[in-house]
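To start, the structure itself, in structure tokens.
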Amino acid sequence: MSEKDKKNNGTGIMFGAIILMVVIVAIIFIVFFVKGGNNNAISQAYSNNVETNTVNEVNDENNTNNVEYISINDTLPTTNSVDMPINADDKIQFDESYLGEYSWKQGDNAMSFELTEENGEIKYRLLYYPNEVTHASEELWGDWSTSSNIVSVDNDNENAIATYSFNDISYNEDDSISIYIQAKDVINEQLEMYKIPDGKYTLEKAD
């Protein structure tokens, strides 16, 4: 082979090597760029997703007070837990045999109660004596209702200390009368300590 042919072959090999290197570099560049681009896209998507979730969590936290929570208990009937006076309708009802005078005493406190009939109407009179005083501190009188629960007691005494309700009224077999007395509104605040205390009173009929 001549020197000229050897030179041409050497030049061709070198040129081919250069082209091969350029191709390899191009392939590496393309692979790196595509991979890097995908990673950037993935990173950007992940970043956007995290940012979106964070914003949603913040919005959820800010909107907590606006959320209406529904409990199954809201759909169930509820019962009143307050103890109400027992209805005395299943007990002995009032009749004329219960007309008469009654009394109650506990410690130094006493009460007298009287039922009378006037012109076909039942009248009552109730006097409360605290601390063994000789004059009643509270006096109630007026028309008597035979209902077992008197929400607002009729009282003709304009000087009463308070207004009252009589509940769970029962006429007992031993001729006694049981009444749950409760003060509703205090009329004379200066004498409030002398009003009839709330409680159940069993008044014994006099012989």
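The values are calculated or read from the model by the stated rules, or taken from the named source; none is laboratory data. Being a predicted model, the structure only gives us computed values, none of them experimental. Heads up, the Cβs are rebuilt from the backbone with ideal geometry, glycines too, and the neighbour counts pull from every protein chain shown. SASA here: full protein model, heavy atoms, side chains in, ligands and nucleic acids out. Shrake-Rupley method; radii C 1.70, N 1.55, O 1.52, S 1.80 Å.
Before moving on, here are some points about what is shown:
- Rolling a 1.4 Å probe over the protein heavy atoms leaves D185 with an accessible area of roughly 90 Å².
- Radius 9 Å from Cβ of G142, net charge of other residues (Lys, Arg +1; Asp, Glu -1): -1
- Computed lengthening from N119 to E101, 0.36 nm per intervening residue step minus Cα-Cα distance: 4.6 nm
- Amide N of segment 106-125 lying under 17 Å from the label point, which is placed 7 angstrom from the Cα of Q93 along Cα→Cβ: 122
- Heavy atoms of Y124 accessible to a 1.4 Å probe, total area in Å² rounded to 10: 10
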